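Input: a single structure, listed below in structure tokens.
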Amino acid sequence: MANNIVKSFSVIGGDLRQVHLAGLLASEGHNVYATGFDRDVEVSKDVIRLRSAEEAVHKSECVVLPLPYSIDGVTVNAPFARTPIPVDEVIGAAGKGTIVVGGKLGDALTEQAKSAGIKLVDYYKREELEVLNTIPTAEGAIQIAMEELPITIHGANCLVTGFGRVAKTLCDRLKALGANVTACARKYADLAWIKTLGYNAISIPALEHSVSNFDVVFNTIPCVVLTEKVLSKLKKDCLVVDLASKPGGVDFEIAGRIGIKTVWALSLPGKVAPLTAGAIIKDTILNIIAEEGLR
């Protein structure tokens, strides 16, 4: 790479986050080549659209794959593409020393890139991206609750299970709207922080004995904590919003059987705020490039 500065990017597939990411990179003066956006989407006029992923990769110093990079491990996740884009084609076209970034990259792709002498970085593992993504996730979760509940968030009894990144931001936003916020965690340190920040605290083991008064439950734990014992103690009109990745934290079969309304809200940043989510990815990629000494 000339002068160790990345000036050209190829954005290969992805959803509206990558569409906005490409436009944002181009607006900052980078040469941006994009492929996989053939239908039902408007791409910035500053982005050079190519039909061939191989050509786009050849022209760029940094290849940007989507989040997740693939659904099947064989083709790039490209919902706007007319024809599949093989992952092997992208990696095969990248020259030695090319930097490839993407989200939720697997071990097989990592080994493939390593053998080809390609620098591969998973931007989904970056702390700044995970933290900033909690904002559209929390706002999206609250939007769902506002649409589904017959009451305001102000004054509502809200339970947040877990106290990781998403839960912390969600509790903060709920409290700002005037909700009565309770957070649930297993670790004593987390329970202490919950109390310190002014929320009500309950432990995971005490969950089934403490849920009868909630209007809405937001789950952030990616294992089933809302079991039949817990779900059966909820009010019949309680709403459950599951924000956890697969397998989720709710026994959906039991919830359906006993009449508890549930919404499994996955990948909210890309759905509720794709421009913001694209900007977060863009900034994270530029941080990676800066750390690699390529900017």
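The values are calculated or read from the model by the stated rules, or taken from the named source; none is laboratory data. The model shown is predicted, which means the values in this text are computed figures rather than measured ones. Positions of Cβ are backbone-derived with ideal geometry, glycine not excepted, and every protein chain shown enters the neighbour counts. For accessibility, only protein heavy atoms count, side chains too; no ligands or nucleic acids. Shrake-Rupley method; radii C 1.70, N 1.55, O 1.52, S 1.80 Å.
Is one or more of the residues making up region 89-98 more than 27 Å from THR276 (Cα to Cα), charged (D, E, K, R) and in contact (Cβ under 8 Å) with a residue 24 or more places away in the chain?
Yes, because at least one residue in region 89-98 is more than 27 Å from THR276 (Cα to Cα), charged (D, E, K, R) and in contact (Cβ under 8 Å) with a residue 24 or more places away in the chain.
Got at least one residue in region 193-215 being touching a strand residue (DSSP E or B) at 6+ places or on another chain (Cβ under 8 Å), open to solvent by 40 Å² or more (accessible area, probe 1.4 Å) and charged (D, E, K, R)?
Yes, region 193-215 has at least one match.
Picking from VAL76, VAL11, which residue would you name as being open to solvent by less than 40 Å² (accessible area, probe 1.4 Å) and either out of contact with any Gly (no Cβ under 6 Å at 6 or more places or on another chain) or modelled with pLDDT under 95 (or both)? Write out each step before concluding.
Working: VAL76 fails: either out of contact with any Gly (no Cβ under 6 Å at 6 or more places or on another chain) or modelled with pLDDT under 95 (or both).
Every option except VAL11 fails the conditions.
Name the residue, out of ASN213, ASN219, that is in contact with a Gly (Cβ under 7 Å, 6 or more places away or on another chain) and modelled with pLDDT of 95 or more. Let's see the steps before the verdict.
Numbers: ASN213 fails: in contact with a Gly (Cβ under 7 Å, 6 or more places away or on another chain).
So the residue among ASN213, ASN219 that is in contact with a Gly (Cβ under 7 Å, 6 or more places away or on another chain) and modelled with pLDDT of 95 or more is ASN219.
Residue by residue, here is whether (1) on the phi > 0 side of the Ramachandran plot; (2) touching a helix residue (DSSP H, G or I) at 6+ places or on another chain (Cβ under 7 Å); (3) part of a loop (DSSP other than H, G, I, E, B) holds:
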{"site": "LYS195", "(1), (2), (3)": "no, no, no"}
{"site": "LYS236", "(1), (2), (3)": "no, no, yes"}
{"site": "ALA244", "(1), (2), (3)": "no, no, yes"}
{"site": "ILE254", "(1), (2), (3)": "no, yes, no"}
{"site": "VAL263", "(1), (2), (3)": "no, yes, no"}
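Kindly provide the set of residues from region 84-103 that are at pLDDT below 95 and open to solvent by 30 Å² or more (accessible area, probe 1.4 Å), ordered by number.
Within region 84-103, ASP88, GLU89, GLY92, GLY95, LYS96, GLY97 qualify.
Looking at (1) touching a strand residue (DSSP E or B) at 6+ places or on another chain (Cβ under 8 Å); (2) at pLDDT below 95, can you tell me which one CYS158 breaks?
The number of the failed condition is (2).
Restricting attention to region 228-245, which residues are farther than 23 Å from GLY155 by Cα and open to solvent by 50 Å² or more (accessible area, probe 1.4 Å)?
Listed by number, the residues that qualify are GLU228, LYS229, SER232, SER245.
Could you list, ordered by first residue, the pairs with Cβ atoms under 6 Å in which the first is in region 267-295 and more than 19 Å from LYS104 (Cβ to Cβ) and β-branched (Val, Ile, Thr) and the second is assigned to a helix (DSSP H, G or I) and open to solvent by less than 10 Å² (accessible area, probe 1.4 Å), at least 6 apart or interchain?
Once the first residue is more than 19 Å from LYS104 (Cβ to Cβ) and β-branched (Val, Ile, Thr) and sits in region 267-295, its partners that are assigned to a helix (DSSP H, G or I) and open to solvent by less than 10 Å² (accessible area, probe 1.4 Å) give VAL272/PRO136; VAL272/GLY140; THR276/PRO136.
Please work out which residue is surrounded by the fewest Cβ atoms within 10 Å (Cβ to Cβ), limiting yourself to region 126-154 and to residues that are closer than 16 Å to VAL166 by Cβ and in contact with a strand residue (DSSP E or B) (Cβ under 7 Å, 6 or more places away or on another chain). Break it down stepwise before answering.
So the first thing to find is which residues in region 126-154 are closer than 16 Å to VAL166 by Cβ, and the list is 126-145.
Then keep just the ones that are in contact with a strand residue (DSSP E or B) (Cβ under 7 Å, 6 or more places away or on another chain); that gives 141, 144-145.
On the way: ALA141: 27, ILE144: 19, ALA145: 25.
The qualifying residue surrounded by the fewest Cβ atoms within 10 Å (Cβ to Cβ) is ILE144.
Being assigned to a helix (DSSP H, G or I) and farther than 21 Å from ASN133 by Cα is the filter here, so list the residues in region 148-189 that pass it. Full working, then the answer.
First, pick out the residues of region 148-189 that are assigned to a helix (DSSP H, G or I): 148, 165-176, 188-189.
Selection gives GLU148, TYR188, ALA189.
Report whether or not GLY293 is modelled with pLDDT under 95, among the small types (Gly, Ala, Ser) and not in a loop (DSSP other than H, G, I, E, B). Give the derivation first.
On the way: modelled with pLDDT under 95: yes; among the small types (Gly, Ala, Ser): yes; not in a loop (DSSP other than H, G, I, E, B): no.
The answer is no for GLY293.
Which ones in region 93-111 are outside any helix (DSSP H, G or I) and touching a helix residue (DSSP H, G or I) at 6+ places or on another chain (Cβ under 9 Å)? It would help to see each step written out before you state the result.
From region 93-111, those outside any helix (DSSP H, G or I) are 94-106; that's our starting set.
If the condition is that a residue be outside any helix (DSSP H, G or I) and touching a helix residue (DSSP H, G or I) at 6+ places or on another chain (Cβ under 9 Å), then ALA94, GLY95, THR98, ILE99, VAL100, VAL101, GLY102, GLY103, LYS104, LEU105 are the ones that fit.
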